[in-house]
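Take a look at the structure below.
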Amino acid sequence: MKRIHLLLAVQSVVAILVSLNRLGTWTLGYVLPNQFLRWVDLNNMLVLPLISVVAFYLLKKHLEYDSPARRKGTLLLLNLVFLVGVYLLAASYGDHEVTNYLHGRFCATDTSSDLCRIIIFNDDEFGHWVFFTGFVMVNAALLFLQAMFPQREKVASGDAALLVLNAIFLAAGILANLGFEEIGLDLYVVALLAILSAYLLWKGGRQPLSIYYTAAYWLGLVASILAQMLR
């Protein structure tokens, strides 16, 4: 459980850092004199996602242990889903962060020229579609892997409380990204993962990931909906 707490804490911290990086003003300076990117774009594209993916992979390896489940084709399928999800996440960051920067700098008022129309579509539409597809695949693969390799020991009440406490930070990151802006596809993605994690919690009992994700996604979802209603 110590390793699970640590790796999930990394995800929660990354969620908070992504919000601070995107919503703050301290990362708006240019990375190099040629102004190819701002620090906010570079951090969101290379630094923070890389930390998150490494923690996801270590968590995935920690969940798997020697059991008959290792010889099932389902494990291969889940590994492929995880791998494709990671690739799609990387592709989406590369597409979205660059076009988001160009959109804000050169196309904030020009929405009709061919160049800006393409940049805006990649920023607001295509980049999001690819990101959320990869995001769902990675997180769903981890949840199903937890169900396939359930925790050998019963999750103690103290561990469950720590998982929920940890999840509150991820929920805060969800609120920061969904609660104060126009909601789009991201709301449905969070709702989908909230329903999936709650279903697996109901079906498989108290497992670390189902506890963490159920608490994080439902708290973040409800808080975001309330924040939108109060805007």
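How do the peptides 45-53, 139-147, 221-229 rank, highest first, by the average count of neighbouring beta carbon atoms within 10 Å per residue?
On the way: 45-53: 17.1, 139-147: 21.6, 221-229: 15.6.
The densest-packed peptide leads the list: 139-147, 45-53, 221-229.
For the chain, the longest principal axis of the alpha carbon atoms and the long axis of helix 127-148 meet at an angle near 10°.
With a 10 Å radius around each residue's Cβ, average the other Cβ atoms per peptide and rank 14-22, 164-172, 63-71, highest first. Write out the running numbers ahead of the final one.
Details: 14-22: 17.7, 164-172: 19.3, 63-71: 12.1.
Ranked by mean Cβ neighbours within 10 Å, highest first: 164-172, 14-22, 63-71.
The calculated FRET efficiency for the pair Trp39 and Ala156, based on their C-beta separation and a Förster distance of 30 Å, comes to about 0.10.
The charge dipole of the range 128-218, taken about the Cα centre with unit charges on the Cβ atoms of Lys, Arg (+1) and Asp, Glu (-1), comes to about 440 debye, rounded to the nearest 20.
Distance from the C-alpha centroid of the range 166-187 to that of the range 34-109: 18 Å, rounded to the whole angstrom.
Working ranking of peptides 26-34, 212-220 by packing, defined as the average number of other Cβ atoms within 10 Å per residue, highest first, is 212-220, 26-34. Pairs of Lys residues in the chain are counted when their Cα atoms are under 22 angstrom apart and they lie 8 or more places apart or on different chains; the count is 10.
Counting only heavy atoms of the protein chains and using a 1.4 Å probe, Asp114 has close to 100 Å² of accessible surface. Each Lys and Arg contributes +1 and each Asp and Glu -1, all at the Cβ; summed about the Cα centre of the range 94-154, the dipole is approximately 400 debye. Which angle from 0 to 90°, rounded to the nearest 10, does the C-alpha axis of helix 185-204 make with the longest principal axis of the chain? With rounding to tens, the tilt is 0 degrees. Only the Cβ atoms of Lys and Arg (+1) and of Asp and Glu (-1) were treated as charged; on that basis the dipole of the chain about its Cα centre amounts to roughly 1080 debye.
Can you give the calculated 222 nm mean residue ellipticity of the chain, where each DSSP H run of n ≥ 4 adds -39,500 (n - 2.57) and the sum is split over every residue, rounded to the nearest 500 deg cm²/dmol? Using -39500 (n - 2.57) per qualifying helix, the result is -25000 deg cm²/dmol. Both radii come from the Cα set of the range 171-231: Rg as radius of gyration, Rh as Kirkwood radius; their ratio Rg/Rh reads 1.03.
Report in % the part of the accessible area of the range 48-195 that belongs to carbon and sulfur, leaving out ligands and nucleic acids; probe 1.4 Å.
Ligands and nucleic acids excluded, carbon and sulfur reach 69 percent.
Scaled against the 2.2 N^0.38 Å expected of a compact globular protein of N residues, the Cα radius of gyration of the chain reads 1.07.
Taking every alpha-carbon pair within the range 38-154, the share separated by more than 19 Å comes to 55 percent.
The angle between the Cα long axis of helix 73-106 and the longest principal axis of the Cα atoms of the chain comes to about 20 degrees, rounded to the nearest 10. Entry for the range 123-179 at q = 0.17, 0.18, 0.24, 0.29 Å⁻¹: log10 I(q)/I(0) = -0.82, -0.89, -1.09, -1.11, Debye formula applied to identical alpha-carbon scatterers, no solvent contribution.
In the full protein assembly as shown, how much of Arg105 is accessible to a 1.4 Å probe, in Å² to the nearest 10? Approximately 100 Å² of Arg105 is accessible to the 1.4 Å probe.
Of Lys72, Lys61, the order by accessible heavy-atom surface (1.4 Å probe, DNA, RNA and ligands excluded), from most exposed downward, is Lys72, Lys61.
The values are calculated or read from the model by the stated rules, or taken from the named source; none is laboratory data. Because the structure is predicted, anything quoted here is derived from the model rather than measured. So basically every Cβ, Gly included, is an ideal-geometry build from the backbone, and we count neighbours across all protein chains shown. With ligands, DNA and RNA removed, areas are computed over all heavy atoms of the protein, side chains included. Shrake-Rupley method; radii C 1.70, N 1.55, O 1.52, S 1.80 Å.
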